[in-house]
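S.K.: I have a structure I would like to understand better, so I am pasting it below and will then ask my questions one at a time.
The values are calculated or read from the model by the stated rules, or taken from the named source; none is laboratory data. Please read all numbers here as calculations on a predicted model, not as lab measurements. Don't worry about glycine lacking a Cβ; one is built from the backbone with ideal geometry, like all the others, and counts go over all protein chains shown. Just so you know, the surface numbers come from the protein's heavy atoms only, side chains and all, with ligands and any DNA or RNA stripped out. Shrake-Rupley method; radii C 1.70, N 1.55, O 1.52, S 1.80 Å.
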Amino acid sequence: MLPLCDRMPRMSKVKKAVARHKPLVVANWKMNPATLDGAKKLFIDIRKEARNVTDVDVVIAPPFPYLADMNKLSPSGRISIGAQDSSPILKGAHTGEVSLSMLRSVGVSYVIVGHSEIRAAGEKDEEVNKKITAVLKNGMTAIVCVGETKRDTHGHYFTTVERQLRVALKDISSTKLKQLVITYEPVWAISKGDGRGQTATHEDAYEMKLFIQKILADRFGRSAISKVRILYGGSVNEGNAQEFINEGEMDGYLVGGMSLRSKEFTAIVKIAHNHAKKVTS
Ligand code: PGA
């Protein structure tokens, strides 16, 4: 394998080409809250606390049964609705599957694809590719998760992310790039928001962001970098969000645990909002 310095893009070149994107903050509620009433309360609390946030795209991705109700709670569309997964199959006898047209009919505009918890249950890169293709075809935005399960000193995690990304993007047209968001979620750093265990640093995130941009540029040409937002996910909280967006130059976050606490989640959204205001002023 090539040494890291040979596989990384020239930072100055990449940086020069990129104007900062409008930040995107996605709440991945996973299998929470336990009841529809709990979901409604959490959504309303976030909506209230984030009412003055203008410079960030906010997406809430609740479990499937709550999607329609959450959509009704966001009549202005100021908070977009995301699904945590979808079927790549359009319709038919597929017990338990949820199609993209069903999701669209209840107001979903973003779909998380390839989350590590679904990959861990057996989802392959090729299935991720099929799902992305279907999401884009249906006019929705795919939030594609990539990330290694563990780190080593030889940089094998770059190979993992490169494979995930190249297969995920196979046959995707460059005309659809604005509907694509890539999230770097190192699996070893997920669910450590309570302060227990190792979390990623802004250097880890920044290095991988450049690597992902290099792959996008190789695959679609340099203009891809200005079309695709790259988020960080993995134990994002009020304490580390600033460094991921500032030093790490991430375009936002995919937030799990802390998205279930309205105050913490809104604080993260506000960090992205203040950052966006600062860089555009
Ligand atoms: P976490 O989850 O923020 O609780 O680490 C992130 C995710 O898995 O999407």
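S.K.: Go ahead and estimate [θ] at 222 nm for the chain from helices alone: -39,500 (n - 2.57) per DSSP H run with n ≥ 4, summed, over the residue count, rounded to 500.
M.R.: Result for the chain: -11500 deg cm²/dmol, rounded to the nearest 500.
S.K.: Among the listed pairs Lys178/Lys209; Lys150/Lys270; Lys130/Lys270; Lys30/Lys170, give every one whose C-alpha distance is greater than 25 Å.
M.R.: Too far apart for the 25 Å limit: Lys150/Lys270; Lys130/Lys270; Lys30/Lys170.
S.K.: Kindly report, to the nearest 10 Å², the accessible surface of Glu249 as traced by a 1.4 Å probe over protein heavy atoms only.
M.R.: 50 Å²
S.K.: Cβ under 11 Å from Arg78's Cβ, Arg78 left aside: what net charge do those residues give with Lys, Arg +1 and Asp, Glu -1?
M.R.: Combined, the nearby Lys, Arg, Asp and Glu give +1.
S.K.: Determine the dipole magnitude for the chain: charges of +1 sit on the beta-carbon of Lys and Arg, -1 on that of Asp and Glu, nothing else is charged, the reference point is the Cα centre, and the result goes in debye to the nearest 20.
M.R.: The dipole of the chain has a size of about 920 debye.
S.K.: Expected output is a single nm value to one decimal: the length gained when fully extending between Ser174 and Met31, i.e. 0.36 nm times separation in residues minus the C-alpha distance. What is it?
M.R.: Result for the pair: 48.1 nm of gain on full extension.
S.K.: Using the alpha-carbon centroid of each, what span in Å lies between region 149-204 and region 230-263?
M.R.: Here the two parts' Cα centres lie 14 Å apart.
S.K.: On the protein heavy atoms, probe 1.4 angstrom, tell me the percent of accessible surface of region 213-255 carried by carbon and sulfur.
M.R.: That share works out to 37 percent.
S.K.: Based on the mean of other Cβ atoms within 10 Å per residue, sort peptides 98-106, 82-90, 226-234 so the most packed one is first.
M.R.: The packing order, highest mean first, is 226-234, 82-90, 98-106.
S.K.: Could you tally the net charge around Ile112, taking each other residue with its Cβ under 11 Å from the Cβ of Ile112, Lys/Arg +1 and Asp/Glu -1?
M.R.: Around Ile112, the surrounding residues sum to -1.
S.K.: Considering the dipole of region 172-281 built from charges on the beta carbon (Lys and Arg +1, Asp and Glu -1) around the Cα centre, which of Gln179, Ile230, Gly252 is farthest to its positive end?
M.R.: Final value for the positive-end residue is Gln179.
S.K.: Hey, if we sort Trp29, Trp188 by accessible area with the 1.4 Å probe, largest down, what's the order?
M.R.: Accessible-area ranking of Trp29, Trp188, largest first: Trp188, Trp29.
S.K.: Given a 1.4 angstrom probe, what's the average accessible area per residue across region 47-138, in square angstrom?
M.R.: 49 Å²
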